[in-house]
Every structure is written in structure tokens, then in C-alpha cells.
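What follows is one structure encoded as C-alpha cells, with my remarks underneath.
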Protein chains: 2
Amino acid sequence: MTARHGNGSGRPAPRPNFGDRLTEAVAARESQIVLGIDPDPAKLWPAAVEATSEARARLASTLSEAEDAAGGVGETPSGSRAAGVISRLETAAAVLAHCRALVDAAAPAVVAVKPQLACFERLGAPGWLALEHVCEHARSRGLLVLADGKRGDVPVTAAAYGQALVSSTPSPFGPVSGLLADAFTANPLLGRDALAPMIASARAANAGAFVLVRTSNPGAADILDLELATGERLWERLAQLVDELGDEGPSGLKDVGAVTGATEPQHLARLRELMPHTPFLLPGIGAQGGDVAALAPAFAPGRAGGLITSSRSIANAHQNSGSSPPDAARKEAERLREQAWSLG
Amino acid sequence: MTARHGNGSGRPAPRPNFGDRLTEAVAARESQIVLGIDPDPAKLWPAAVEATSEARARLASTLSEAEDAAGGVGETPSGSRAAGVISRLETAAAVLAHCRALVDAAAPAVVAVKPQLACFERLGAPGWLALEHVCEHARSRGLLVLADGKRGDVPVTAAAYGQALVSSTPSPFGPVSGLLADAFTANPLLGRDALAPMIASARAANAGAFVLVRTSNPGAADILDLELATGERLWERLAQLVDELGDEGPSGLKDVGAVTGATEPQHLARLRELMPHTPFLLPGIGAQGGDVAALAPAFAPGRAGGLITSSRSIANAHQNSGSSPPDAARKEAERLREQAWSLG
């Protein structure tokens, strides 16, 4: 926290920008791997579900005894609604247990985690609480937190997203801290003035933004690959915008990054040409079919120039091995780390 | 709820799509006005802040008596963290009180509310809980709920957003309901396969999606106005995509809408030509500078073809009048309703 929030000496704190912080973190951990955290409640590690189920059984038995003692009648008219509230809390608790175990298993081989906000939002308020705890747990393991929500909106709302992700919100009751992520993903469709408040929030917190430039899904061709009147593709124009938006510090790496799908490695050389000092966030390894060896151009500005995200291939590694989920995740994360590090 | 979730008779329920539901609601309420709910904790109605402050004073006094009785020592080492937790809860409580009062004031003149997710997310888990209560309160007043988060992501994540916004998530502990909104806003940058799971979730719930086509911020010109090699503007291509994605029912209005900024009324005729049966969500009235009378082309397919959103001009109406915040909000909402209805 010292490097990010000042040294408390009263003099202006040194302010390494996100590019510098990322460069340092990658060197210190000898890893360019980002653990994607996309929990699907239907595919949690069994131990996380069991722990929650046991807690529920204990609770149910206690409640049942209390009800018997009070001569209660069991299911009440509000029982179905209460059951919904309880199953939501249980699901969020199991998701949190799963994510903590996943972070613990992969931490030695990764530099950052990338929680997928959608996967927590779908569990409502308890899901958001689980997200906050997952971020805190990852920080306690020395990892950067990249909040993956791909937000984008008109300027006044973009400022609110900045507060939610990397800053705080003034209120009559005192400031309310947001997620305090080290970086977030952002959608550039609404243009420069819509990105600006999010990037300003990030910069003020020495945090970073990764802007969508060319994603890894097949449908990215529909819009991002459109040819403009100038002969460029839309993603080339977005790449220029991202290059302009970033500031660089002593490390030479900018504080505004780009999301560049690894399933289209033929684009990487061109993307690097358009954004020579921009960190790339490369999803699409593993479950989405990308190949680490094809990513070499991403690392031109140094190892921190290419962050490789992997979620399902780490979390679900046990499905293709005889190992326990944590052991299989640890091995797969380490395998990816070695493979990427050998390219740098 | 019956129309949306079936009639319980065992026969297939009638399934009016979102376009039909919207048409009915606009006719029944004689309003095309959507109340935008973008609470800024620093600009809440005073009564909401006072109610929360009084509750805090009572709580503090009770805690202080208890501490005295126990011989406590006041501020503990974790006091600063606890203060942060408490100010977050208080802020969310005040935001909820403000939003409930705002909904109550404007309800008679509006057909729907549009909570801005960023404004709740920035208050963390308590903020999300407040959002859920605001949605429930609006439904209890007979209003549709349009969740404004402008989400968009690769297909597997888009499906998770669908669960979060209009559906539920399977889990070992039972299904977990999301916001169950009547519609949401979506970002089309990632293309058709990324929109598809969100639209499928919406359709299965008889809900709708409003896809960004041309927004109201000046920076929209940077990307959305780019000229393509075909001579079209990017927003024209997006309009075609949105037209193709929508299904229409007996009302003739499609279930996939478009967000079309009212600050560029010269575009509206062309947008209507490209999307003849699409409901338009028209932000930009009031605080952003749009003018209701310029919107007539939006209403070509009927009054429900153009929904006019207004947030700050309603919530802050008391700043330009001698009335109390609720009275001023009620009058401004009614003024907008009459003005728009007279065009239809």
C-alpha cells in the first residue's frame, strides 16, 4: 500500500505509474500470468460446496431444534422467499471459498488476478461482497487485481465507474471506498470523452485501464474488424486512441493498456506497431484456443508488455488429470508461467 | 407478474414480448417518460440524509451507553476500518431513502425507471442491495425497470450478465435470482455473438435489451460517427444489426431497442428509417441539453417507439423552483409527460 498511497512523510510521495508498477511486479514474481476468476456456481471445486453444505446442515439442524422447542409449524408463507435469500447467501459463500482456494493454489505462479465482475454480479449483493473479499485475499497474496467489467458510459457515469473500481465516492457520511483495483478493463465505443474520467480516476490512484481493442470472440469480426473509409480497420483506430491515452514512466510501459485477443495472433505484430509502449492483456489462452508461443510480439517492450490471462484452463485443470483441483491448478499455472517466461 | 411468468394453468402461457409489454405499459400509464435514477451521494435530497443521520445518532448513543456500561475504551485499533464500513452502510441507506422518495414523487407521470448501475456499484455490496430494493420499490409502483449498465462481453460472460440482469443462475443450493429487470442496456462493440446470449436471456424472460447505437455525449463522434469503407457511419451499421436482432409481436414493436442520443435529433429520422419497429431509448433531455419537441420521428411506430429518459432534470428540479424536492420532481416529471404525450 505504501508505494500506491504515499509514504506518510508529508512530502509528495513517489508516484510510479501503473506501467512501472506492472513492470516491477512482473519482474519480482517472474510471471506474466493473470489468473482469471470467473466462478460458475455449477462448477465449483467440490470442497468449497461441501464446506458450505456442512455449514447449512448444522444451521438447519439448529433451526429445526429451535422450531420444535417453540412448537413451530415448519414452512411459513414466506418460506419460499427466505429459501431464495438463503440459497443466494450459500452460493456466494461457496463461490468465495472456491475463489480463495483457487487464488491460494495459483498465487505462486501468477502476477495478478482478473475477477470477472459478471460472475459476482449475478449473485447480487452477497456476490459483490464475495468479490470484495476475493480482491482483498488476492492482495494479501501479493497479487495485482485487474477488475474485468468492460465498463463504458457517458462522462458523468464513467466517473462513477472510476469511483467504483479504483477510487472512492464522497458522501455526507465520509468517503466510500470502491474496489480499489490496480487496473480495470474498459469499453471505448463511446469515445474519448467517455474514457477520460475512468482513466483520470485510474491515474490518480496509480492504477491502470485496459481498453478493448480486438477481442478473442468470433463475433469481434462484426464490428471491430470493419474497414473504415481511411482503409484502416476499426481496431486499428482504437489502437491509435489507446496509444494516445497512455502516459509512460521510467519503465517505458504506459499506464493505459489494451485487451488484444490471443486467438488472432496474426494481428499482434500490427497492434504492437500501433501501440509500442502499451501493455497488452491477452485473453484467449486455453479454453478459448490461443497458443502461448504465438504471442512473442506482445513482449517486445519487455516481459510486462504481454499479460496472459487464463481462467478455465487453470480452474478446471483437474478435469484432465488425476490430481486434486488445487494441485492441478497449481501445476497448470506454473506450466503457463514457464512457457511464457521462456519467450520473454 | 402473471403476464411475465405464466398463468399456472399448465398450458403454454401467452408470451407477450417486450415490445408488446412496453406498448401496453405506455398506453396504460399514458406516459413515455423514463425516470433515470443516478443517485449522487453528495446531492441527495436533504430528508434522506437527515433520516439516516438521525438513525446514526440514535445508534451511536446506544453504543456509547453500552460501551460505558462495559467499561470500554472508545476508539479501537480497528476503528478506522469500522468507520469505513459504517459510512458505506449509511450512504447506501441514504441513497435508498432518496431513491424511494424520488420514485414515489415521479411514479404517477412515468412508465419506467432506469437505475444507473454505476451509481450503486460505487457503494459496493450495500449499494447493490440498495439497487435491488429500488427495483422492487419501482415494480411495486407498477413501473417497468430498465437496468442501465451498458454491459457487453464475450459470449460466456455475456450469458452471466443475462443471468445477473433478467434471469437466474443455477447453483448447487438452488437457483439464484438476478435483478429481474424488464430490460437492460447493452454495448454492441464485441459483435453479434456477444449480444446473442444477453438477448436470449432477455427474450426467455419476455424482457428487452436496448443496444447502444448513437449516444448523446460529444465523444460519440470519435468512434460511433466513423465513416466505413461502404460509406455508412458506424452507427448506421449498428442500427442495422439492432434491427436484425429484434423480434416483433402483435404490437409491431420489437423486443430489442436502441439507445439513440436525443442531443443529435438530426440523426433520428435516419435511425427510424433503419429501425422502423425498434423502441428508442432517448437520453439527453434536460441536463444533457436535448429538446423534447425535436423527437417526433422517434414516435413513428407509436408512442412506445420513443422512451424519453430524464434523471437530473427531475431529481434536481427543486434547485430552480421554490418547491420541496418531491413536489418539484413531481411537477417536472408531469411537465415532461404532457409535452411528450402531445407529440404522439
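The C-beta contact set for segment B:79-100 (first residue more than 11 Å from chain A (Cβ to nearest Cβ) and farther than 9 Å from A:S171 by Cβ, second residue at pLDDT below 90 and assigned to a helix (DSSP H, G or I), distance under 9 angstrom, 6+ apart or interchain) comprises B:A97/B:A51; B:A97/B:T52.
Of the residues making up segment B:195-236, those that are closer than 20 Å to A:K150 by Cβ and surrounded by fewer than 19 Cβ atoms within 10 Å (Cβ to Cβ) number 2.
Condition check for A:W235 on (1) aromatic (F, W, Y); (2) at pLDDT below 95; (3) part of a helix (DSSP H, G or I): one failure, at (2). Residues of segment B:107-126 that are farther than 17 Å from B:L281 by Cβ and in contact (Cβ under 8 Å) with a residue 12 or more places away in the chain: B:A107, B:P108, B:A109, B:C119, B:F120, B:L123, B:G124, B:P126.
Here segment B:164-175 is the region considered, the condition is being of a type in the set (A, V, I, L, M, F, W, C), touching a residue at least 12 places away in the same chain (Cβ under 8 Å) and within 9 Å of chain A (Cβ to nearest Cβ), and the residue that is surrounded by the most Cβ atoms within 10 Å (Cβ to Cβ) is B:A164. Kindly indicate the residue of segment B:247-263 that is open to solvent by less than 10 Å² (accessible area, probe 1.4 Å) and among the small types (G, A, S) and also farthest from the other protein chains (Cβ to nearest Cβ) among those meeting that condition. The residue in question is B:G257.
Matching residues to (1) modelled with pLDDT under 75; (2) in contact with a Gly (Cβ under 7 Å, 6 or more places away or on another chain); (3) outside any helix (DSSP H, G or I):
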position	(1), (2), (3)
B:L35	no, no, yes
B:V49	no, no, no
B:R58	no, no, no
B:L63	yes, no, no
B:A66	yes, no, no
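Can we say A:N217 is within 11 Å of chain B (Cβ to nearest Cβ), out of contact with any strand residue (DSSP E or B) (no Cβ under 7 Å at 6 or more places or on another chain) and closer than 23 Å to A:Q32 by Cβ? Taking the combined requirement at face value, the residue satisfies it. I'd like the residue in segment B:110-131 that is more than 9 Å from chain A (Cβ to nearest Cβ) and in a strand (DSSP E or B) and, out of all such residues, is surrounded by the most Cβ atoms within 10 Å (Cβ to Cβ). Ranking the qualifying residues of segment B:110-131, first place goes to B:V113. With respect to the numbered conditions (1) more than 7 Å from chain B (Cβ to nearest Cβ); (2) open to solvent by 10 Å² or more (accessible area, probe 1.4 Å), which one is the sole condition not fulfilled by A:R192? Result: A:R192 fails condition (1) only. The conditions of being facing another protein chain (nearest Cβ under 10 Å) and surrounded by fewer than 24 Cβ atoms within 10 Å (Cβ to Cβ) are not met by B:G178. Restricting attention to segment B:88-109, the residues that are open to solvent by 10 Å² or more (accessible area, probe 1.4 Å) and in contact with a Ser or Thr (Cβ under 6 Å, 6 or more places away or on another chain) total 2.
The set of residues in segment A:72-96 being of a type outside the set (A, V, I, L, M, F, W, C) and at pLDDT below 90 consists of A:G72, A:G74, A:E75, A:T76, A:P77, A:S78, A:G79, A:S80, A:R81, A:G84, A:S87. Considering the conditions (1) among the aliphatic types (A, V, I, L, M); (2) without any contact (Cβ under 8 Å) to a residue 60 or more places away in the chain; (3) in contact with a Leu (Cβ under 7 Å, 6 or more places away or on another chain), A:A221 is excluded by exactly one of them, (3).
Looking only at residues in segment B:132-163 that are more than 22 Å from B:A258 (Cβ to Cβ), open to solvent by less than 10 Å² (accessible area, probe 1.4 Å) and touching a residue at least 12 places away in the same chain (Cβ under 8 Å), the one that is farthest from the other protein chains (Cβ to nearest Cβ) is B:A138. Residues in segment B:16-54 that are within 16 Å of B:I308 (Cα to Cα) and among the charged types (D, E, K, R) were compared, and the one that is least open to solvent (accessible area, probe 1.4 Å) is B:D38.
The values are calculated or read from the model by the stated rules, or taken from the named source; none is laboratory data. Predicted model, so just to flag it, every value in this text is computed and none were measured. Backbone-built Cβ (ideal geometry, glycine too); neighbour counts: all protein chains shown. Ligands, DNA and RNA are stripped out before the accessible areas are found, and what is left, the full protein with its side chains, is counted by its heavy atoms. Shrake-Rupley method; radii C 1.70, N 1.55, O 1.52, S 1.80 Å.
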